[in-house]
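Participant: Sending over a structure as structure tokens; questions will come in a sec.
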Amino acid sequence: MYSGTCLCGSVAYQIHGEIGEVVICHCQRCRKANGSAYAVNAPIKCADFELVKGETSLKEFCSSPGVHRVFCGNCGAPIYSKRDNDPVHYRLRLGTLDTPLTHGPSMHIFAASKAEWNVVCDGLPQYAERP
Ligand SMILES: [Zn+2]
Ligand SMILES: [Zn+2]
């Protein structure tokens, strides 16, 4: 089991299942949503996600058609995204995890949108968009 919280602690969750393949996403929407060079995301099954607290704090923003970003309305921390075309998965924002994760990222996606000041030197495959 994994657990996580937002920055202010209003939102707490548990994941009763596996965390899927970890990807580093450089798309402009992830960069802006995180205020950083990229987001580190991994799929989880919605059915494995339990919101322990913070239901009233969670807010949603539709960043492109069919893509909803769910974040803490109090501190702004991104928690997960969900897609209309993939209703069984969330894409967890791994920076909110409090439990150690034993597998690291496997690839960079949307590398064509990478911030020009961000130097990637981890040797992982980079895809212009998705593999
Ligand atoms: Zn918060
Ligand atoms: Zn992205």
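So that you can scan it fast, the table gives a plain yes or no per residue for (1) assigned to a loop (DSSP other than H, G, I, E, B); (2) touching a Lys or Arg at 6+ places or on another chain (Cβ under 6 Å); (3) within 16 Å of ligand 1 (Cβ to nearest atom):
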site	(1), (2), (3)
Ser10	yes, no, yes
Tyr13	no, no, yes
Glu18	yes, no, no
Lys32	no, no, no
Ser36	yes, no, no
Ala42	no, no, no
Glu60	no, no, yes
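Participant: Give me the residue from the range 76-94 that is farther than 16 Å from Phe49 by Cα and in contact (Cβ under 8 Å) with a residue 40 or more places away in the chain and, out of that set, farthest from ligand 1 (Cβ to nearest atom).
Facilitator: Gly76
Participant: On to the next question. Would you tally the residues in the range 29-81 being away from ligand 2 (no atom under 13 Å from the Cβ), more than 16 Å from Tyr13 (Cα to Cα) and among the hydroxyl-bearing types (Ser, Thr, Tyr)?
Facilitator: Residues flagged as away from ligand 2 (no atom under 13 Å from the Cβ), more than 16 Å from Tyr13 (Cα to Cα) and among the hydroxyl-bearing types (Ser, Thr, Tyr) within the range 29-81 amount to 0.
Participant: As an exercise: evaluate Met107 against (1) hydrophobic (A, V, I, L, M, F, W, C); (2) free of Cβ contacts under 8 Å to residues at least 60 places away in the same chain; (3) in contact with a strand residue (DSSP E or B) (Cβ under 7 Å, 6 or more places away or on another chain); (4) more than 16 Å from ligand 1 (Cβ to nearest atom) and give the number of the one condition it does not meet.
Facilitator: Here Met107 meets the rest and fails (2).
Participant: Where residues in the range 1-26 are within 16 Å of ligand 2 (Cβ to nearest atom) and surrounded by 15 or more Cβ atoms within 10 Å (Cβ to Cβ), which of them is farthest from Phe49 (Cα to Cα)?
Facilitator: His26
Participant: Here is a follow-up. Would you confirm whether or not the range 88-108 contains a residue that is touching an Asp or Glu at 6+ places or on another chain (Cβ under 6 Å) and at pLDDT 95 or above?
Facilitator: Looking for residues that are touching an Asp or Glu at 6+ places or on another chain (Cβ under 6 Å) and at pLDDT 95 or above, one finds at least one in the range 88-108, hence yes.
Participant: When Arg69 is evaluated against the numbered criteria (1) buried (at least 17 other Cβ atoms within 10 Å of the Cβ); (2) charged (D, E, K, R); (3) out of contact with any Phe, Trp or Tyr (no Cβ under 7 Å at 6 or more places or on another chain), which criterion, by number, is the only one it fails?
Facilitator: With respect to (1) buried (at least 17 other Cβ atoms within 10 Å of the Cβ); (2) charged (D, E, K, R); (3) out of contact with any Phe, Trp or Tyr (no Cβ under 7 Å at 6 or more places or on another chain), Arg69 is out only on (3).
Participant: Take the conditions within 16 Å of ligand 1 (Cβ to nearest atom), in a strand (DSSP E or B) and among the small types (Gly, Ala, Ser) and apply them to Gly4. Does it pass?
Facilitator: yes
The values are calculated or read from the model by the stated rules, or taken from the named source; none is laboratory data. Note that this is a predicted model, so its numbers are computed, not measured. FYI the Cβ positions are ideal-geometry reconstructions off the backbone, even for glycines, and counts take in every protein chain you see.
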